[in-house]
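Down below is the structure, laid out as structure tokens.
The values are calculated or read from the model by the stated rules, or taken from the named source; none is laboratory data. Note that this is a predicted model, so its numbers are computed, not measured. Cβ coordinates were reconstructed from backbone atoms using ideal geometry, including for glycine residues, and neighbour counts include every protein chain displayed.
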Amino acid sequence: MSTNPTHTRRYVLAARPATTTGPLEDGVLRFEDDAPVAALHDGQVLVKVGWLSLDVATRGWMNDVRNYLPPAPLGEAMRALGAGVVTDSQHPGFTAGDRVSGLLGWQEDAVVDGSALRKIPDGVPPQAALHVLGISGQTAWFGLHDIGRPHAGETVVVTAAAGAVGSIAVQLAVAAGARVIGVAGTAGKCAQVRELGAADCVNYREQDVEATIAELAPDRVDVVFDNVGGAILDALLPQLAVNARVVLCGAVSRYAGSGPVPLRNWFHLLPNRVRMEGFIYLDHQDRFDVAEADLLPRVRRGELRCQEHVIDGLKAAPDGIRLLLTGTNNGKVLVKLDQD
Ligand SMILES: NC(=O)c1ccc[n+]([C@@H]2O[C@H](COP(=O)([O-])OP(=O)(O)OC[C@H]3O[C@@H](n4cnc5c(N)ncnc54)[C@H](OP(=O)(O)O)[C@@H]3O)[C@@H](O)[C@H]2O)c1
């Protein structure tokens, strides 16, 4: 007889937000403390969720608008990456006890297709599958590897440089031999970015980004790895070198709800033959193993670090989204589920 749980605790997406950007409103998410757990069908796996990844994109998935993924469905556990342990399996690739990561959702017990899960490599903590070896590391790796392509001696600017993706992009660019300048929102975050190997860091709340980058990079900037968009991206465009690459990774300034900000300095792209390109890490799932083969040894050697900002317990998960949108997180926002 199965000892699988019949009920679980979860947050469902209860209503679409009133506006597509801006703070997370009350009532959009609803906590349920005895949601039914479905019986397993062929190919499915039951996972006890230990950790959730909170991401800036979560705010966008709540809207009913065109995006790179369909809107998160109403009435279901809110979409999120998670890491946990298999407790039952109807998939030939998994057995109870396997440590896995994938789209597990904001819930304590998840029934998911085994084909959408990855095993967590031995010897690494489960939450690493959500940052250095997961979405943050994969995003930094594909953005730099495919678009930024920094060479030794080039100058790379990374925005939201103390954040999860940004801090890994800083470390990978430094390892490639580039001179890295971060942009971050506090003096403390700038100090962290320098500790990761960046030559310098601009505090955009206290310094003029355009003027400071012009001073710090008199030979101009070869790669911008941009996580924020808006006014900060605009301030970097006049500093681009000939044949510079701008990696459009994220637009967190837009999610925060200040409305679209015009790019006044777009013209600099043309005479400098700049390539500016967006990407979505999920498009590269067929190369996740390639990225992991490069990232995992660096993680094991302690060369790739990610600051963790841990929220305790599923119930507090919405607070993590608020942190990301106000810039008050310090590192990768994770929820550690209380499984008592
Ligand atoms: N393309 C992809 O496939 C992909 C995949 C994953 C993530 N992303 C994007 O990568 C970016 C970083 O994600 P993350 O998970 O690593 O988050 P994060 O950088 O750890 O956290 C977001 C940070 O953005 C900064 N920020 C917030 N509001 C801002 C504003 N109005 N202006 C400037 N900076 C602001 C804050 O840092 P400061 O205190 O320094 O301002 C905040 O800590 C996001 O834009 C996300 O959407 C893209």
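Worth a mention:
- Selected residue [among the aliphatic types (A, V, I, L, M), touching a residue at least 60 places away in the same chain (Cβ under 8 Å) and out of contact with any His (no Cβ under 7 Å at 6 or more places or on another chain)] from LEU103, LEU130: LEU130
- Residues that are surrounded by 21 or more Cβ atoms within 10 Å (Cβ to Cβ) and either part of a helix (DSSP H, G or I) or modelled with pLDDT of 95 or more (or both) do not occur anywhere in the stretch 259-273.
- Conditions (1) under 27 Å from LEU295 (Cβ atoms); (2) assigned to a loop (DSSP other than H, G, I, E, B): number failed by PRO73: (1)
- In the stretch 321-337, the residue that is farthest from the chain's Cα centre (by Cα) out of those that are modelled with pLDDT of 95 or more and more than 8 Å from the ligand (Cβ to nearest atom) is LEU337.
- Subset of the stretch 136-170 (residues that are over 16 Å from ILE280 (Cβ atoms) and surrounded by fewer than 24 Cβ atoms within 10 Å (Cβ to Cβ)): ARG149, HIS151, ALA152, GLY153, GLU154
- Of the strands (runs of 3 or more DSSP E) lying entirely inside the stretch 1-64, those containing at least 1 residues that are aliphatic (A, V, I, L, M), modelled with pLDDT of 95 or more and closer than 27 Å to ALA128 by Cβ span 29-36, 44-53.
- The set of residues in the stretch 261-280 that are free of Cβ contacts under 8 Å to residues at least 40 places away in the same chain and within 13 Å of the ligand (Cβ to nearest atom) comprises VAL261, GLY278.
- Some residue of the stretch 291-311 being at positive phi, away from the ligand (no atom under 16 Å from the Cβ) and touching a residue at least 24 places away in the same chain (Cβ under 8 Å): no
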